[in-house]
Structures are given as structure tokens and as C-alpha cells.
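The values are calculated or read from the model by the stated rules, or taken from the named source; none is laboratory data. Note that the coordinates shown come from a computational prediction; the quantities given were computed from them, not determined experimentally. Reconstructed Cβ throughout: ideal geometry from the backbone, glycine too, with neighbour counts over all protein chains shown. Heads up: the accessible areas ignore ligands, DNA and RNA and are worked out on the full protein's heavy atoms, side chains in. Shrake-Rupley method; radii C 1.70, N 1.55, O 1.52, S 1.80 Å.
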Amino acid sequence: MDAPTTTNQTFTIGKAALIAGLGLLLMTLTVPFAEFYIFPKLIADDAATTAENISSEKLLFTTSIFLHLFTLLLDIVVAWALYLFLKPVMRYFSLLVAWFRLIYTAMYLVALANLMKILALVQTSDGSASTQWAESVQFHIDSFRLEWSFGLIIFGIYLVLLGYLVLKAQYVPKIFGILLLIAGLGYVVHTLGAFFAPTMDLGFLFFTFFGELVFMVWLLVKGRKLQLAVPK
């Protein structure tokens with residue numbers, strides 16, 4: 001009898017790349033839909049109108065919350081998959097990088113709790129949008145933005161560390177490490193600028209945010225073909 005083969009049972013970095021790439025791809029459909037389609041329909045310039053919009057569009061607002069929650073789960077999956085993908089380079093540093101993304105995810109969850117509180121306020125309201133009720137809704141929206149912004153600083157540091165690790169990987173083109181480093185610095189500078197120099201126009205940094213998306217394309221097209229086994 002022939003000995004059983006274990007080839008198909010080996011988890012390769014190509015499989016990890018595919019999982020990470022798919023996770024990142026799904027993220028491009030979740031948060032952007034919530035941020036650029038749903039929220040502009042609900043969030044107005046004044047608290048009263050915002051509260052009224054959310055109260056009359058509870059399903060739409062709830063959908064945005066679930067899209068963010070789904071993104072949180074994807075962040076965990078991507079952190080794990082990229083840890084495995086870069087584990088052959090530096091095992092413990094790759095683990096450290098993964099933890100930075102998980103820390104960002106935890107901060108993201110704390111920020112998202114504000115939207116859940118708004119949903120609770122809407123569910124328990126009697127339909128009359130009082131000034132105090134509207135201000136409470138606006139307070140939680142502002143808190144969501146502020147707390148998420150602090151999380152994006154951690155996310156920027158994560159991308160810088162990830163970029164360094166990718167630069168060290170012999171099986172990934174160096175350009176992707178450079179793009180990730182630029183993207184991470186873009187996140188950090190843009191977010192800190194909003195706090196320390198709110199009047200400064202940092203819109204030119206927008207193009208730097210595409211580093212992770214370019215890396216995602218490579219993971220899906222080329223990275224998934226890598227056959228190197230993930231070390232135990």
C-alpha cells in the first residue's frame with residue numbers, strides 16, 4: 001500500500017495570501033458603502049435633522065452598524081492570515097504586527113459602540129425628537145468619529161510595521177513594502193493633522209491610502225500561487 005500523501009494537507013503561504021486578499025476585498029465593499037452611501041443620507045449639518053433621519057430610517061442605520069461589525073470580523077481574519085503569510089520572514093515580529101491590527105480592531109469596536117447606543121436611543125424613543133434627544137444622538141456620532149480616528153493612528157503604525165515586514169520578505173516584491181510604509185505614514189500624518197492642525201489641508205495625502213489595496217490585488221493575483229509551507 002502506498003504511503004498517504006500530506007501535500008494537500010499543507011497550509012501554504014499562498015492559501016494565507018488568498019484568505020487575506022479576500023478579506024481585504026470584502027472590506028472595500030462594506031465600510032465604503034456605510035460611510036459614503038448610508039451615512040450621507042442620514043447625517044446632516046444639524047443634530048435635529050440627523051436625529052430625525054436616523055429615527056425614520058432605522059433599518060438603514062442598523063445596516064450600517066452590521067456592515068461595520070462584519071468589517072471588524074474581517075479585520076481579525078486578515079490579521080491572522082497576514083501573520084501566517086509573513087511568518088516565514090520573522091515569526092515573532094509578524095505576530096507583533098498582527099497584534100497591532102487586533103488592537104486597532106478593539107479600538108474600532110469601542111468606537112462602534114457609540115452607534116449601537118444611538119440605535120438604543122432610537123428604539124426607546126417615542127418618536128418625538130426633543131432637543132436633548134437629538135444632542136445625545138449627535139454626541140454619540142461625534143464620539144464614534146473621534147474614537148475611530150484614534151484607532152486609525154494605531155492602524156497607520158500597523159501598516160508601517162507591515163510594510164517593513166513585507167520589505168524583508170524575499171517572496172514579495174519590494175514595491176509593496178514601500179507602498180504600505182507610505183500608506184501607514186499617510187494615515188498617521190492625516191489623522192494627527194486633524195487634531196493638531198485642523199485648518200491645514202491634508203487632502204493630498206489621500207492617494208497614499210491605496211497602498212493596502214494595491215497589496216490586496218497582488219495577494220489575490222500572485223500571492224495565492226506561492227507554495228511555501230507555513231512553518232509550525
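So here's what we get for this one:
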quantity: Evaluated over the stretch 25-155, the Cα radius of gyration and Dmax, each in Å; calculated: 17.2, 59
quantity: Placed amide H near Leu226: partners under 5 Å, 5+ positions off or other chain; calculated: Gly14
quantity: Calculated Cα extents along the principal axes in Å (choose from (i) 76, 50, 27; (ii) 47, 43, 39; (iii) 47, 39, 39), label; calculated: (i)
quantity: Normalised contact order of the chain, rounded percent, pairs of Cα under 8 Å and 6 or more residues apart; calculated: 28 percent
quantity: Calculated from backbone phi, Karplus (6.51, -1.76, 1.60) coupling profile of the stretch 222-232 in Hz, x at Gly/Pro; calculated: 10, x, 5, 8, 5, 9, 5, 6, 6, x, 7
quantity: Accessible-area composition of the stretch 57-162, carbon plus sulfur, in percent [1.4 Å probe]; calculated: 72 percent
quantity: By accessible area with a 1.4 Å probe, ligands and nucleic acids excluded, highest first: order of His190, His140; calculated: His190, His140
quantity: Degrees between helix 47-56 axis and first principal axis of the chain (Cα, 0 to 90, nearest 10); calculated: 70 degrees
quantity: Translational diffusion coefficient (Stokes-Einstein; Kirkwood radius from C-alpha pairs) of the stretch 62-123 at 20 °C, 1.002 mPa s, in µm²/s; calculated: 167 µm²/s
quantity: MRE, 222 nm, helices only [DSSP H, n ≥ 4, -39500 (n - 2.57), over the chain, to nearest 500]; calculated: -25500 deg cm²/dmol
quantity: Signed unit charges on C-beta, dipole axis of the stretch 60-163, positive-most listed residue Tyr83, Met107, Ile153; calculated: Tyr83
quantity: Most fluctuating residue given options Tyr104, Tyr187, Tyr164, as computed from a GNM of the chain linking Cα atoms under 10 Å; calculated: Tyr164
quantity: Karplus-derived 3J(HN,Hα), 6.51/-1.76/1.60, for each residue of the stretch 178-187, Hz, glycine and proline x; calculated: 5, 5, 5, 4, 5, 4, x, 5, x, 4
